[in-house]
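To start, the structure itself, in structure tokens.
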Amino acid sequence: MEIMLQIEKLSYGTPTGRPLVKDVSFNVSNGDIAVIKGPNGIGKSTFLKIVSGFHKQLNGRIKNFSGPEKMVFFPQISGGEFHIDLTILDVLKISLGRRFDTAMILDFGLLNKGHFSRSWNTASGGEKQRTLLTRVFLQDSNVLVLDEPMNHLDKETRLQVKKKILDYVNNTGQQKVRRAVILVTHESFESTDLKRGNLINVDLGQFKYRRRSQVTSKIATELT
């Protein structure tokens, strides 16, 4: 299987430099979905930002064999992420640029014509999430990095987005395109959902950084 992303002994910490995770290593190949898990405070969002090139790691290497221009990052958003005097359609026109196509947007299925004229500033969290997910999936990419893509969505739409993720990696209708997904989510995926790759579960809690004194104390406890 062709490797698209290689993570080798990656260590990272908080913005102040406090180490969080040490020596994470795994590969993501064509057709794979990598689900990033771990306890609160372990830095799952930070990990995705590092993989996407928006934050720096403390140590280790990330090799993106698709090229940075072929990786698209979807950050976790809140309802008040940013305010702009534009409609939802305006946001899509600006963000998609030459790839903007109303028919494609409607065919994708997360938005309808009634959404287009709504003001971004008064749109609900779910409408903003649908808009930005549409933008992400319609870009020319080989690797999607998604941070909680199901946030703010109802059950029906969450199932719809899950299907879009599977269609993306399974290359429905585009069998020659290399694709993979890395994401943080509370939704479950099954290995049987994947037609060409593997389901990779990465628990960052297993790589939690421990000071030498903590390691010594743990060993002593296990030996007693």
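Just so it is clear, none of the values below were taken in a lab; they were calculated from the coordinates. Values in this document were obtained by computation on a predicted structure and should not be read as measured data. Note that we place each Cβ from the backbone using ideal geometry, even for glycine, and neighbour counts take in every protein chain shown.
Go ahead and run the numbers for FRET between S119 and N151, Cβ-Cβ distance against an R0 of 30 Å, rounding to 0.05. It would help to have the intermediate numbers written out before the result.
Details: r = 21 Å, r/R0 = 0.69.
Here the calculated transfer efficiency is 0.90.
Using only Cα atoms, what Kirkwood radius does the chain have, in angstroms?
For the chain, the Kirkwood estimate is 18.9 Å.
Given a Förster radius of 35 Å and the C-beta distance between V177 and N201 as r, what FRET efficiency does 1/(1 + (r/R0)^6) yield to the nearest 0.05?
Details: r = 24 Å, r/R0 = 0.70.
So the FRET efficiency works out to roughly 0.90.
Show the residues, 5+ positions off or on another chain, whose built amide H is closer than 5 Å to the amide H of I200.
For I200, the qualifying residues are I33, A34, V35.
Can you compute the FRET efficiency between M104 and H186 using 1/(1 + (r/R0)^6), with r the Cβ-Cβ distance and R0 = 30 Å? Round to the nearest 0.05.
Working: r = 29 Å, r/R0 = 0.96.
For R0 = 30 Å, the calculated efficiency reads 0.55.
Would you calculate a helix-derived [θ] at 222 nm for the chain, using -39,500 (n - 2.57) for each DSSP H run of n ≥ 4 and dividing by the full residue count, to the nearest 500?
That comes out to -9000 deg cm²/dmol.
Measuring from centroid to centroid over Cα atoms, what is the spacing of the stretch 36-51 and the stretch 139-160 in Å?
Distance between centres, Cα-based: 17 Å.
Angle between the Cα long axis of helix 212-223 and the longest principal axis of the chain, 0 to 90 degrees, nearest 10?
Computed tilt is about 70 degrees.
With everything on Cα atoms, drop me the angle between helix 155-170 and the longest principal axis of the chain, reported from 0 to 90° to the nearest 10.
Once rounded, the angle reads 80 degrees.
Each residue of the stretch 177-194 in order: what ³J(HN,Hα) in whole Hz does its phi give by Karplus 6.51 cos²θ - 1.76 cosθ + 1.60, θ = phi - 60°, with x for Gly and Pro?
Per residue, the Karplus-derived 3J(HN,Hα) values read 8, 7, 8, 8, 9, 10, 8, 9, 7, 9, 6, 9, 10, 10, 4, 5, 6, 9 Hz.
Kirkwood hydrodynamic radius, the stretch 1-104, all distinct C-alpha pairs: what's the number in Å? Working shown, then result.
Working: mean 1/r = 0.0618 Å⁻¹.
Roughly 16.2 Å, rounded to one decimal.
Helix 125-138 versus the longest principal axis of the chain: what angle, 0 to 90°, nearest 10, using Cα atoms?
90 degrees
Pulled fully out, how much extra length does the chain show between L58 and I84, if you take 0.36 nm times their separation in residues and subtract their Cα-Cα distance?
Full extension of this stretch gives 5.9 nm more.
Under a 5 Å amide H to amide H cut-off, with H placed in plane at 1.01 Å, what residues pair with N151 once short-range neighbours are removed?
Sorted by chain and number, the residues that satisfy this come to none at all.
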